[in-house]
Every structure is written in structure tokens, then in C-alpha cells.
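Working notes, beginning with the structure itself.
The values are calculated or read from the model by the stated rules, or taken from the named source; none is laboratory data. Fair warning: this is a prediction, and the values are worked out from it, not measured in the lab. Note: ideal-geometry Cβ built from the backbone for every residue, glycine included; neighbour counts use all protein chains shown. Each accessible area value is taken on the protein alone, full model and side chains, heavy atoms only, with ligands, DNA and RNA left out. Shrake-Rupley method; radii C 1.70, N 1.55, O 1.52, S 1.80 Å.
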Amino acid sequence: MKRIGIFTSGGDAPGMNANVRAGVRYALVKGLEVFGIRHGYQGMIDGEIVPMDGRSVSGIIGRGGTILGTARSKDFLTPEGRRRAFENLQRFGIEGLVACGGNGTFQGGSIFYEEYGIPMIGTPGTIDNDLYGTDFTIGYDTAINTAMRAVDKIRDTAESHDRTFFIEVMGRHAGFIAVDVGVATGAEYVAIPETPTNFEALCAYVEKYDRPKRHIFIISEGDEYGNAMKFAEDFKARFDIDTRVSILGHMQRGGSPTVRDRVLATRLGVAAVQGLLDGEKSMMAGEIDNRIVLTPMRETWEKRSEINRELADLVELLR
Ligand code: F6P
């Protein structure tokens, strides 16, 4: 293998730049030529492919977002889109790929490998922490710290006004962010998609208080009962309590990555390139118990990464 392509795809996550930097620099150390593919699979289809050298990744290790850009490509879902992507890779002589992304990225990547046989090693880049095959995804640590600080700030105003807050955190189909942030902020309730939500139990808890009190409730955006607005509406219909909703949203995806995310991203960027050099085909490089582990790419999205239920239970136990 002489020439590889590297790209970021799906929702951006803090640490993606550190991952790209490590991948590019390690590939150069190993004598490979490296091309950056802009805007993920969409750039592969549109031919947005640029040569990268050591300097093209200078000074990016501490920057959030991704210098390569990213996208959720609809065209790549079609056989025609994937054919065009393959033709562009051939045109540039690219023989292997390193892809930093999440579920959607690896679903597309698995199919692309099965159709065209170009080796692709993934690195888990998503704030949701919802990939099988790694203890943590790149961007998760930064996101939970960002969300924790936001909730701490909301607590200041909640306490001052004796107000109840429903705070919505990200995590499309997974409650990892909600559970960690809930525990770390001393929240009184966390709603996550992995466990059935019992709204009545929440009401019964609130009814125990006979005078206004601030309550901090964390709602994962993917909870099956509904989002924070739905919780607040049903809550207001039930209680005459001063209630506010705060949706943390995309601020959770931004910002300078933490030490944990930079180190994880760096290790996995190196591991992905090494995987290609070792002849691996369709895998994801993850970190489990502090060791680098390669998992078949298909398993990373077909299997489910389990939430820590004991940790989730601590929220209500300690409130
Ligand atoms: O997968 C990362 C994530 O931030 C999810 O937590 C969220 O549901 C989704 O992306 C939002 O995606 P978009 O930025 O495309 O609206």
C-alpha cells in the first residue's frame, strides 16, 4: 500500500482533528502518501480530494470541529453515489482509507468495502459514545464536560428561583451523555432511551415536596417518552410549578478537546493506519481496558454498546 485517504464523516466531534493529525503524520512516517477527503463520503463522490503533508495538520490538535469538514451524505446511500466514490478513489490511486465517524459512517463503510474491496479502518468519532468495540468514542469526554458545566450553570439560576428545569442533552439513540452528566451534576432524574420512562414515578417523587424547590431533570433527546419539551408540557399540566426547558444542543459538539479525547484520538489514528499496513480490511480501531482493539466494522453498528445501569441507578439512589 502506497497511498491512503483520510476523512471525517457524520456529526463532528471534538478530537477529530487530533485523529486526522495522528493518522496523517504516522502515515508519512511509514512512507505512505496521504490524501485528505473533504466532507466525508460526499467529498469522495464529488472528488474533493487533496494531498496532505505534515504541515497541513500543524496546530490542529487542540481545535474542535474537523478541518476536513464533514457531512451526512445522502448520495452515498445510493449504489450510483458509491460507484462515483470508488471511481474517484481509483483516479487518485487511493488503496486504503481511514474514516473517523459514527454509526452511519461505519454502516456506509461496511457496505462500501463489501462492494468494492477497498480496505477501510474506522476510528470512533462521535459524542454519543454509542459504538460497540470501544470503551469511549472520540469527542465523548469533551461533550460530557461541556454539558456538565452547562448544567452546573443552570443549577445556579434554578436554585435562585426555586425553579424546575428539564435539560435536554444529545445522544440520538443512546443515553450515555445523559447518565454521566446526570451523575456528575447531582441531577434528580435522568430519562434515557435504554430504559422505559415512568413519568408517574417522576410525578410521585415531586409530590413528596410540599413547597417549591428547584429540580434538575436530565432528558436524553432520544428518550422514548419524548423530548424535554414534552416532559415540561406534561409536567406543567400536572403541577403548578415554575418550570423551564433548556436544550443544550450543538454546543455539546464544539470546543477544544479534553486531554482524554486528544490522547484517545491520537492513539486510534496511529492504530488505524497501522491496521491498513498490517493488511486489515474492514475494521474499527477502539480502546478497551486501555488496550487497542480492532473490531469488525459491521459489528460496531450491528451490536449495541450497553449503558451502565448501575451507574444510571445512582442518580435516583442519591437524590
Ligand atoms: O451523533 C451525534 C449527534 O450530535 C447526536 O447526538 C444528535 O442527535 C445528532 O448528531 C444531531 O445531528 P445533526 O447535527 O445532523 O442535526
Which one is nearest to Ala18 (Cα to Cα), of the residues in segment 33-47 that are of a type in the set (A, V, I, L, M) and not in a strand (DSSP E or B)? Met44
Select from segment 198-257 the residues that are open to solvent by 50 Å² or more (accessible area, probe 1.4 Å), closer than 24 Å to Asn129 by Cα and either within 15 Å of the ligand (Cβ to nearest atom) or in contact with a Ser or Thr (Cβ under 6 Å, 6 or more places away or on another chain) (or both) and list them in ascending order. Glu221, Glu224, Tyr225, Asn227, Ile247, His250, Met251
Any idea which of Gly109, Gly104 is open to solvent by less than 30 Å² (accessible area, probe 1.4 Å) and small (Gly, Ala, Ser)? Gly109
Selection within segment 177-197 - part of a helix (DSSP H, G or I), of a type outside the set (A, V, I, L, M) and open to solvent by less than 20 Å² (accessible area, probe 1.4 Å): Gly182, Thr185
Out of Asp135, Asp162, Asp156, Asp152, which single residue is within 27 Å of Asp289 (Cα to Cα), more than 16 Å from the ligand (Cβ to nearest atom) and open to solvent by 40 Å² or more (accessible area, probe 1.4 Å)? Asp135
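For (1) more than 22 Å from the chain's Cα centre (by Cα); (2) crowded, with 17+ Cβ neighbours inside 10 Å, each residue gets a yes or a no:
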| position | (1), (2) |
| --- | --- |
| Arg21 | no, yes |
| Val29 | yes, no |
| Gly40 | no, yes |
| Val50 | yes, no |
| Asp53 | yes, no |
| Gly62 | no, no |
| Thr70 | no, yes |
| Thr78 | yes, no |
| Leu89 | yes, yes |
From the options Ala85, Ala99, residue that is touching a residue at least 60 places away in the same chain (Cβ under 8 Å), within 12 Å of Gly40 (Cβ to Cβ) and aliphatic (A, V, I, L, M): Ala99
